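Visitor: Okay, here's the structure, questions in a sec.
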Amino acid sequence: MKKSVIFPIIILSFLNSCGLKQPTQGMGPERDNGSIYVKSNPAGAQIILDGTDQGKVTPDTLYAVPVGNHTIRLFKEGYQSKPDSFVVTVEKNKLTALAVTLEKIERLGKIEVHSFPEGGEIVVDGQTTGRSTPDTIALEPGPHLIEIIKNGYRNQAKEINILQDSTVVFNANLPIFQRVLFESFANVSCIPCVPATENLLRFVEKDTTNQYAIIEYFAFWPSRNDPFYNVAPDDVNERLQYYTISGLPTLYLNGLVKLTDEDVKDSTKLDQSFYNTLNEQNSPVGISVSKQREGNTLTVQIEVFDFDSNFLGTDHKLFVAIIENEIHLSEPPGSNGLKDFEYVFRGFLSSSTGDPITLPAVPFTITYQIDWPNDWNYENSRIVAFIQTEASKRVVQSSIN
């Protein structure tokens, strides 16, 4: 029997109660935003911005949209627009309006789409519909490519012929996307950390699997003035203590494989450790991550699905972290000379010791909300979620949005 356990939204005073400090000035540019007002005739069409469903229907306004050109599509069952998408230009602190007339499609067929687990995004002919499984969608008769996308799982696609005045059923089983979590520990004044960081970036550039997630923590030594450490010192200290780390650089793969000193800089050693860890992982747990920003509010939803039903126990904890990529500074913040940073840890949305998972997780969902700091670059941010066994330290699964 499938049971849903929905946690209420957790409102976090993120910068204060969770140990995060206000980000250091100059760590990222403040973004210029505007708004888009979208209406349609008839109303009630789902609004899709740059390929992402906004969770709104016409007429409505999209706030905090970055300045520049954006593509708007509308989806309303049984209707179509000509053209099927519209380019709008957003200006700073201005409202841009878009009005669309939708034409009714007279003769349709239907497709009933299911997936296991549920909640997969339904994409038709390469375009998101803003709908998720299970759902039934009306389409023009003829062949259509139906794709189901769910974060943390492998996509499933099939070309299906839609028949006029008939309903076709499509069932998709979504395989779990296995990932290895890299947890790297460095400092902006750690000289040996430079070749270790370069080796990790070399791995990323060379890798073709995309079956990894990376978090770069910055410790308090040799420089206590490390600006990245000072954003979330309590969270970083908890991870340092948990792994009993006493030297830098240090790299953990899935919480168990530890690389230090010369091993971190060795490309062959790093590659072998990754593939060995990936081949040994056969987790029955899937993690799906989604994030959405409206105004200055960031909402993150995590869904955990235990296909074994009994694999997860009370010793498993959920961690949810924010990382930021493409941080480019004009001057090195430390003595090792690095000015460009990737996968920088900004803090945990979860507790620094992990949040409990309500069992059985079929599925378990939890939602976090925070006020997004203006000094952080939203477009370059990612959410990394992982489940770790408290005693053994084994990371059983990780995911990144």
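Visitor: State log₁₀ I(q)/I(0) for region 350-401 at q = 0.16, 0.23, 0.32 Å⁻¹ as given by the Debye formula over alpha-carbon point scatterers of equal weight, solvent excluded.
Guide: -0.65, -1.11, -1.43
Visitor: Let me ask another. Using 0.36 nm per residue of separation minus the Cα-Cα distance, give me the extension gain between K393 and D371 in nm, one decimal. Working shown, then result.
Guide: On the way: separation 22, 0.36 × 22 = 7.92 nm, distance 3.09 nm.
Answer, rounded to one decimal: 4.8 nm.
Visitor: Can I ask one more? D for region 33-104, whole µm²/s, Stokes-Einstein with Kirkwood Rh over alpha-carbon pairs at 20 °C and 1.002 mPa s: what number?
Guide: The diffusion coefficient I find is 179 µm²/s.
Visitor: Sort H328, H144, H316 so that the residue with the fewest other Cβ atoms within 10 Å of its own Cβ comes first and the one with the most comes last.
Guide: Ranked by crowding around the Cβ, least crowded first: H328, H144, H316.
Visitor: Using Cα positions and a limit of under 25 Å, work out the lysines in reach of K269, with same-chain residues fewer than 8 apart set aside.
Guide: Straight-line reach from K269, under 25 Å: K206, K258, K393.
Visitor: Which value in deg cm²/dmol, rounded to the nearest 500, describes the helix-derived mean residue ellipticity at 222 nm for the chain, given -39,500 (n - 2.57) per DSSP H run of n ≥ 4 and division by the residue count?
Guide: When only DSSP H runs of four or more count, the value is -3500 deg cm²/dmol.
Visitor: Moving to a separate point now. What are the extents of the Cα atoms of region 239-282 along their three principal axes, in Å, largest first?
Guide: 29, 24, 8
Visitor: If you don't mind, there's one more thing I want to ask. Using a Förster distance of 25 Å, how high is the FRET efficiency between S166 and L95, based on the Cβ-Cβ distance and rounded to 0.05? Spell out each step's value before the answer.
Guide: Values: r = 44 Å, r/R0 = 1.75.
The computed FRET efficiency comes out at 0.05.
Visitor: If the chain between T136 and D32 were fully stretched, how many nm would it gain, using 0.36 nm times the residue separation less the Cα-Cα distance?
Guide: Net length gain for the segment: 33.6 nm.
Visitor: Shifting gears a bit: So what's the angle, to the nearest 10 degrees on a 0 to 90 scale, between helix 267-280 and the longest Cα principal axis of the chain?
Guide: Roughly 60 degrees, rounded to the nearest 10.
Visitor: What's the extension gain from V257 to D84 if we count 0.36 nm per residue and subtract their Cα-Cα distance?
Guide: Gain on extension, V257 to D84, equals 57.3 nm.
Visitor: Further question on the same structure: Hey, fewest Cβ within 10 Å first, where do S115, S309, S330, S246 land in order?
Guide: Details: S115 22, S309 14, S330 6, S246 9.
Placing the least packed residue first, the sequence is S330, S246, S309, S115.
Visitor: While we're on this one: If you take the square roots of the eigenvalues of the alpha-carbon gyration tensor of region 255-373 and sort them as a ≥ b ≥ c, do you get rounded (a/c under 1.5), prolate (a/b over b/c) or oblate?
Guide: oblate
Visitor: Which Cα, out of G126, Y153, V113, lies furthest along the positive dipole direction of region 109-173 (beta carbon charges, K/R +1, D/E -1)?
Guide: Ranked along the dipole, the leading option is Y153.
Visitor: Further question on the same structure: Calculate the radius of gyration of the Cα atoms of region 109-173 to one decimal place, then report Dmax, the largest Cα-Cα distance, as a whole number, both in Å.
Guide: In Å, with Rg to one decimal and Dmax whole: 10.8, 35.
Visitor: With each label point set 7 Å from Cα along the Cα-Cβ vector, what nm distance links E379 and N225?
Guide: About 3.2 nm, to one decimal.
Visitor: Another question, if that's okay. Name the residue, out of S81, S381, S288, whose mean-square fluctuation peaks in a Gaussian network model built on the chain with Cα pairs under 10 Å.
Guide: With Cα springs under 10 Å in the chain, the top fluctuation among S81, S381, S288 is at S81.
Visitor: If the cut-off is a Cα-Cα distance under 12 Å, which aspartates and glutamates reach K158, setting aside same-chain residues fewer than 8 apart in sequence?
Guide: In chain and number order, the partners are D125, E147.
Visitor: Let me ask another. How long are the three semi-axes of the equivalent ellipsoid of region 145-198, in whole Å, if each is the root of 5 times an eigenvalue of the C-alpha gyration tensor, listed from largest down?
Guide: Its equivalent ellipsoid spans semi-axes of 48, 11, 7 Å.
Visitor: Give K291/K317; K94/K339; K56/K82; K39/K92; K82/K291 a once-over and call out the pairs whose C-alpha atoms are over 28 Å from each other.
Guide: The pairs that break the limit, which is 28 Å between Cα atoms, are K94/K339; K82/K291.
Visitor: A follow-up question, please. Starting from the eigenvalues of the Cα gyration tensor, five times each then square-rooted, give me the equivalent ellipsoid semi-axes of region 150-268, largest first, whole Å. Present the calculation step by step, with values, prior to reporting the outcome.
Guide: Details: eigenvalues 350, 53, 30 Å².
After diagonalising the Cα gyration tensor, the semi-axes are 42, 16, 12 Å.
Visitor: Give the order of Y243, Y252 when sorted by the count of other beta carbons within 10 angstrom, beginning with the fewest.
Guide: Listing Y243, Y252 from fewest to most nearby Cβ atoms yields Y243, Y252.
Visitor: Of all the C-alpha pairs in the chain, what % are more than 39 Å from each other?
Guide: Result: 24 percent of Cα pairs exceed 39 Å.
Quick note: the coordinates plus some simple rules give every number you see, no bench work behind them. Note that this is a predicted model, so its numbers are computed, not measured. Glycine gets a Cβ as well: all are built from the backbone with ideal geometry, and neighbour counts include every protein chain shown.
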